[in-house]
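Heads up, the thing below is written out as structure tokens.
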Amino acid sequence: MLQRLKSIQTRITAACERSQRDPAQVVLLPVSKTFNDEAVLQAKGLGFVRFGENRAADIQARVKALGDEGLQWVMIGYVQSNKAKEIARYAAEVQSLDRISLAEALDRRLQIEGRQLNVLIQIKTAAESAKSGLEPAELLPFLSALKPYHSLRPVGLMTMATQTTDETEIRRCFSLARRSLVSAQDAGMDMHRLSMGMSNDFELAIEEGSTEIRVGSALFGSR
Ligand SMILES: *Cc1c(COP(=O)(O)O)cnc(C)c1O
């Protein structure tokens, strides 16, 4: 895992050099979904504390198994509203907020837990119809509609690019997300995080302004 991490860090540094960015401004979020607890502990040994998971039940299971390890669980997958309770209790952050009904469900459960939660809004930039997320044009109205839900703190945007080898198309997705974040900032929102880029496309994401790449297989090995 250390060799894979070094290789990722080399790729991050090169992408930052190409785009005149500071590598310290790009966070690596390990995505542990489908990998075992042993792999998570190995990554913890390399200094990682936050881990991405894409199912509420998996976050709950991780907390049960690794609750004493001081780790944080970041929800990056589609959240069913009937899982709001588990998310409110066990997740440190949600990067896949994509609808008001979910905001309402989370806020209600967070109030019960007496917690606040950082959220990133998932923007749909990919060409595929299957990808979830909010349409970019809906972002500003969505942010206004979020205001009554005081337990949720919107801190940024998340997106997934089209799954393709076409660099131009991938860049279009990432660039659209970055421009959406700028539009939120222009509207007065204190939002600065841009979670984009996975094992196969994180260099392009960094060149387009990503502040956080979500990396699974490139760190943990192939699934
Ligand atoms: C699985 C997943 C990742 C990581 O994917 P890899 O290709 O393994 O790096 C990133 N983001 C989301 C939303 C995911 O579901």
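Here the range 4-36 is the region considered, the condition is being small (G, A, S) and part of a loop (DSSP other than H, G, I, E, B), and the residue that is surrounded by the fewest Cβ atoms within 10 Å (Cβ to Cβ) is S19.
Just to be sure I understand, how many residues within the range 180-190 are within 12 Å of P136 (Cα to Cα) and in contact (Cβ under 8 Å) with a residue 24 or more places away in the chain? Even if it seems obvious, please write down each step before you answer.
Of the residues in the range 180-190, the ones within 12 Å of P136 (Cα to Cα) are 180-184.
Filter once more, so that each one left must be in contact (Cβ under 8 Å) with a residue 24 or more places away in the chain: 180-181, 183-184.
Adding up the residues that qualify gives 4.
Which residues, taken from the range 37-88, are among the aromatic types (F, W, Y) and surrounded by 21 or more Cβ atoms within 10 Å (Cβ to Cβ)?
Residues satisfying the conditions are F51, W73.
Taking the conditions exactly as written (at pLDDT 95 or above, within 11 Å of the ligand (Cβ to nearest atom), under 24 Å from E53 (Cα atoms) and of a type in the set (K, R)), does R178 satisfy them or not? The answer is no for R178. With the structure loaded, tell me whether R171 is more than 14 Å from T125 (Cα to Cα) and either more than 16 Å from the ligand (Cβ to nearest atom) or exposed (fewer than 15 other Cβ atoms within 10 Å of the Cβ) (or both) or whether it fails that test. No: the conditions fail for R171. Under the condition of being part of a helix (DSSP H, G or I) and closer than 20 Å to M198 by Cα, the residues counted in the range 44-55 number 1.
Only one of the numbered conditions (1) surrounded by fewer than 23 Cβ atoms within 10 Å (Cβ to Cβ); (2) at pLDDT 95 or above is violated by M158, and that is (1).
Just to be sure, is G133 small (G, A, S) and surrounded by 15 or more Cβ atoms within 10 Å (Cβ to Cβ)?
Against the criterion (small (G, A, S) and surrounded by 15 or more Cβ atoms within 10 Å (Cβ to Cβ)), G133 qualifies.
Would you be able to tell me the number of residues in the range 132-166 that are away from the ligand (no atom under 14 Å from the Cβ) and aliphatic (A, V, I, L, M)? Matching residues across the range 132-166 total 9.
Tell me the residue from I59, I87, I76 that is in contact (Cβ under 8 Å) with a residue 60 or more places away in the chain, aliphatic (A, V, I, L, M) and within 16 Å of the ligand (Cβ to nearest atom), please.
Working: I59 fails: in contact (Cβ under 8 Å) with a residue 60 or more places away in the chain; I87 fails: in contact (Cβ under 8 Å) with a residue 60 or more places away in the chain.
One residue alone meets the criteria, I76.
Condition first: away from the ligand (no atom under 16 Å from the Cβ), within 16 Å of the chain's Cα centre (by Cα) and of a type outside the set (D, E). Can you find one or more residues in the range 116-131 that meet it? Within the range 116-131, one or more residues are away from the ligand (no atom under 16 Å from the Cβ), within 16 Å of the chain's Cα centre (by Cα) and of a type outside the set (D, E).
Counting the residues of the range 188-223 that are small (G, A, S) and part of a strand (DSSP E or B) gives 1.
Anything in the range 181-218 that is of a type in the set (G, A, S), under 19 Å from Q25 (Cβ atoms) and within 13 Å of the ligand (Cβ to nearest atom)? List them, or say none.
Residues of the range 181-218 that are of a type in the set (G, A, S), as a first pass: 183-184, 187-188, 195, 197, 199, 205, 209-210, 216-218.
Then keep just the ones that are under 19 Å from Q25 (Cβ atoms); that gives 184, 195, 197, 205, 209-210.
Hits for the range 181-218 are S195, G197, A205, S210.
Show the residue pairs that are 6+ apart or on different chains and have beta-carbon atoms under 7 Å apart, the first residue being within the range 9-38 and over 13 Å from E208 (Cα atoms), the second being away from the ligand (no atom under 16 Å from the Cβ) and among the aliphatic types (A, V, I, L, M). Cβ pairs passing all conditions: D37/A65; D37/L66.
The values are calculated or read from the model by the stated rules, or taken from the named source; none is laboratory data. Keep in mind the model is a prediction, meaning the values are calculated, not measured. Ideal geometry is used to build each Cβ from the backbone, glycine not excepted, and the neighbour counts take in all protein chains shown.
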